[in-house]
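To start, the structure under review is shown below, and the notes come after it.
The values are calculated or read from the model by the stated rules, or taken from the named source; none is laboratory data. Owing to the predicted nature of the structure, the values given are computational and were not obtained by experimental measurement. Here Cβ is always computed from backbone atoms with ideal geometry, including for glycine, and neighbour counts include all displayed protein chains. These accessible areas exclude ligands, DNA and RNA; they are computed on the full protein's heavy atoms, side chains included. Shrake-Rupley method; radii C 1.70, N 1.55, O 1.52, S 1.80 Å.
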Amino acid sequence: MWSKCRWSTVMFSFLHRRSSVMSQTPPIVSVLPTRGLVDEKFKVLVENLPPGRPVTVRSLHHSDNGHYWEAFGFYTSDHRGTVNVSKDQSVGGTYTGKEPMGLLWSMCPVPGSHKGLRLRKLNMCSPMLVNISVHSGHEGFRDGAPLASVLVERWYMAPGVKRIDVQEKGLLGTLFLPPGPGPFPGILDLWGGGGGLVEYRSALLASHGFATMSLDYLSCGQPVFTYVETAFNFIKDHPQVIADRVGVVGLCLGSLPALYLAADSTVVKVVKQITSPLLLVSGCDDQNWPSFETAEDINQTMRAAGNDHLLSRLDYPDSGHLIEPPFSPHFRASTFVTTNKRKAMILWGGKTKPHSDAQEDSWRKILSFLQQHLCCSLNAKL
Amino acid sequence: AEQCCVSLSVNPSRGLMDEKFIILVQKALPGFQLTIHASYHCEDGNSWEAFAHYTADAGGTVNVSQDTSLGGTYSGVEAMGLLWSLRPVPGSKPGLRLRKKNVQTPMEVTISVYQGHQTEGFVDQVPLASVLVERWYMAPGVCRIPITEEGLTATLFVPAGNGPFPGLLDLWGGGGPLVEYRAALLASHGIASLALNYLTPKTTMETGKMVDNQYFEKAYKFLQQHPQICDSRIAMLGLSLGSAFTLKMAVYSQVMKLRCVVCIGGSHVQPVDGSVEQVLGYMEKNSEKTRFTENNEMIWRDLLLPIPTDPSFKVDVGRLKCPLMLVVSEDDQNWPAPESAKDMKEMMERAGNSHLLTVLSYPNAGHLIEPPYTPHVRISMFRTVVMALWGGQMVEHSRAQEDAWKKILIFLRENLYDSTKPGATTLSHL
């Protein structure tokens, strides 16, 4: 159980005495919702400022692995003394323009941090805590204490979602079940070459009604395609999963087993054997995989084979490799530990604003695609 | 067998107790009849439920905020009806009241969709879909601090952030142990609030002696001296018996300089020089004026009536120097709040300070005006001994709670944050 009180003390090491500060009207910052899912938008409102006052609205997050991330936008209060981040223009900072969610997706490590950091939540059962504060002025905003602040929780798991460790049939995975009686459509969630068991996308998909399993398929020591098939069957056979409504989501290296399963696993990597609907999401500035070129190639192969009616594509100019759930920060490069345990800086590509727009757009379309193909059509019995 | 993939969502899935949510059912067949059901298991082991009947539109959707409930525990278009119309499940003890004791955990409500228009037997059926919704009294970052200094028994709730914040002294009524949820919710709205136990504090439990009026002043001084609270921006809020002491201190205390005062379901009638014990004794003396309903529920509104003309038995609100908001329920069967409010208004008009007075008056609302969306109870057990009649009708009472809370927050915000701008500061999410 994270300690909210401890957070307040750690983050703000000086308490203002009452009197002179409060003789002016203190501003009020509010965020709605204060507890949301990570893919939900929020509204940030600052009120009770003097009119026409330059202020900075800033977000601050202390990650699970101990780093600080921040984003900020420069605003000027209107004639009522209000700044509404959803409606007003930021004129500088880590994002500009009218950006309701800029305080999240434009986050970057605070000055003085290591290079090449990546923000990933490890513990699904606790929320990401983000402190949203308002400061006087623009360029020198760090010099003074915040005028007001509020704490926001961002969750990967909706209430009632269950997290279950899977360690049978030689599998190493985590299953997330939505709340309710089920049964649910199922998803096998495959991450990339970074290895380990990455749970956050599965947790989020379960929050959207899909029984989803993350799988660590790199450290299992077995042939990947057989292992992935076992995992797929495990989901299919689960009592709370609808057996004929199971899909696969793959990112980066994980796309290969995903494509293999889409081809009914009969032949390795033969795209013209694909018999299931397929959605390819590519960042056109992907510096890690030639994902755009691969998508073009798959498209041509499927057209020639006559199964391209199954294919949908989302291509995003100026987006990089790591197209993640929305509002999470973009990293153009980050450190990566290779299979022989060496540290390297990997270039993922992409520019922050187009990449963030791609994350938001693609997630909505991915959910829609999954719902369209995995959720039942109207039941004639009713 | 094919399952129906009706989808159910509630947004936000984690909200504050006074936030509205949107319940959406999708992917049903057009014209499909369904029941939306809410279920809540209290900390004390009792179960509450509410339900409503809907028909999916041509797109297979039901939107509770926009569509009409055709029946159930509420009808009509009611976004929050599934919460405020919660009632104990059949077979429950009579006289239950839904009050959260532990404010550090959320109220967890299960919202489900059932096929057809049903009125009972929900527990024996499998719903088509079901989600869990969390309702919180404490916003993230709000700190709960038990206070035992200076002989006080209280709980302080401090908003997230540095502060300094305005402060508030929160007094409940005579109904039982210290209740924290309103103070917690006020802190979630930026006001550092102290829920004060003045009837059963540690000193009283140990010595048998009730607190004196200095006890309230100690609580005020505690707030004043707190490093995260602004000493010149402190308010007081009382409900029921708590209003009596709120009014007394607001008018007569030399120590307390309140920024504003809110009294819910209360009266100014009391021996003005009296301590807590004497005020209670005054009511006890009049207890033969208690009336009973046909079910033997106690009506206490007559104990303080008629409003005395003797000035030593009513707080002289003509001397009040700060804004006062009175929240009055016209069907209050427990305290003579409407009559008292009328008398207070006349006193203030005669004294020339009635510009400080705001009266919110709600037809068909009962005594217990609480933060919104929690169920109305017309009667309940009082101190586990007797059944009290509070009054009010469910729909009007629930509307009164919602409206009063909004206006109380605006009133507190205007007076504590000192918005001198034209028009009230909008609380855009309320």
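Residue-wise test of (1) over 30 Å from residue A:79 (Cα atoms); (2) of a type in the set (A, V, I, L, M); (3) surrounded by fewer than 17 Cβ atoms within 10 Å (Cβ to Cβ); (4) at pLDDT below 95.
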| site | (1), (2), (3), (4) |
| --- | --- |
| B:383 | yes, no, yes, yes |
| B:386 | yes, yes, yes, yes |
| B:392 | yes, no, no, no |
| B:396 | yes, no, no, no |
| B:400 | yes, yes, no, no |
| B:404 | no, yes, no, no |
| B:409 | no, yes, no, no |
| B:412 | no, yes, no, no |
| B:417 | no, no, no, yes |
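I need every pair where a residue in the range A:69-85 that is within 12 Å of residue A:47 (Cα to Cα) has its Cβ under 7 Å from the Cβ of a residue that is of a type in the set (S, T, N, Q), sequence separation at least 6 or different chains.
Close Cβ pairs satisfying both conditions: A:81/A:48; A:83/A:77.
From the list B:251, B:272, B:211, B:261, pick out the single residue that is among the β-branched types (Val, Ile, Thr) and part of a helix (DSSP H, G or I).
Step by step, each of B:251, B:272, B:211, B:261 is checked, and only B:251 is among the β-branched types (Val, Ile, Thr) and part of a helix (DSSP H, G or I).
List the number of the failed condition for residue A:325; all other conditions in (1) surrounded by 21 or more Cβ atoms within 10 Å (Cβ to Cβ); (2) on the phi < 0 side of the Ramachandran plot; (3) in contact with a helix residue (DSSP H, G or I) (Cβ under 6 Å, 6 or more places away or on another chain); (4) part of a loop (DSSP other than H, G, I, E, B) hold.
Condition not satisfied by residue A:325: (1).
Those residues that are open to solvent by 80 Å² or more (accessible area, probe 1.4 Å) and either touching a residue at least 60 places away in the same chain (Cβ under 8 Å) or over 29 Å from residue B:181 (Cα atoms) (or both), I need them from the range B:103-118; list them, please.
Passing the criteria: B:108, B:115.
Among the strands (runs of 3 or more DSSP E) confined wholly to the range B:1-88, which include 1 or more residues that are within 14 Å of chain A (Cβ to nearest Cβ) and either closer than 21 Å to residue B:402 by Cβ or free of Cβ contacts under 8 Å to residues at least 24 places away in the same chain (or both)?
It comes to B:7-11, B:14-16, B:22-26, B:33-41.
Answer yes or no: is there a residue in the range B:204-222 that is open to solvent by less than 30 Å² (accessible area, probe 1.4 Å) and within 11 Å of chain A (Cβ to nearest Cβ).
no
Inside the range A:72-188, counting only strands (runs of 3 or more DSSP E) that do not spill past its ends, which hold 2 or more residues that are surrounded by fewer than 18 Cβ atoms within 10 Å (Cβ to Cβ) and at pLDDT 95 or above?
A:162-166
Does at least one position in the range A:153-164 carry a residue that is within 14 Å of another protein chain (Cβ to nearest Cβ), closer than 21 Å to residue A:53 by Cα and not polar (S, T, N, Q)?
For the range A:153-164, residues within 14 Å of another protein chain (Cβ to nearest Cβ), closer than 21 Å to residue A:53 by Cα and not polar (S, T, N, Q): absent.
Please determine, by comparing only the residues of the range A:193-228 that are open to solvent by 40 Å² or more (accessible area, probe 1.4 Å) and of a type in the set (Ser, Thr, Tyr), which one is farthest from the chain's Cα centre (by Cα).
A:226
Can you name the residue in the range A:296-322 that is on the phi < 0 side of the Ramachandran plot and part of a loop (DSSP other than H, G, I, E, B) and is also surrounded by the fewest Cβ atoms within 10 Å (Cβ to Cβ) among such residues?
For the range A:296-322, the residue satisfying everything is A:317.
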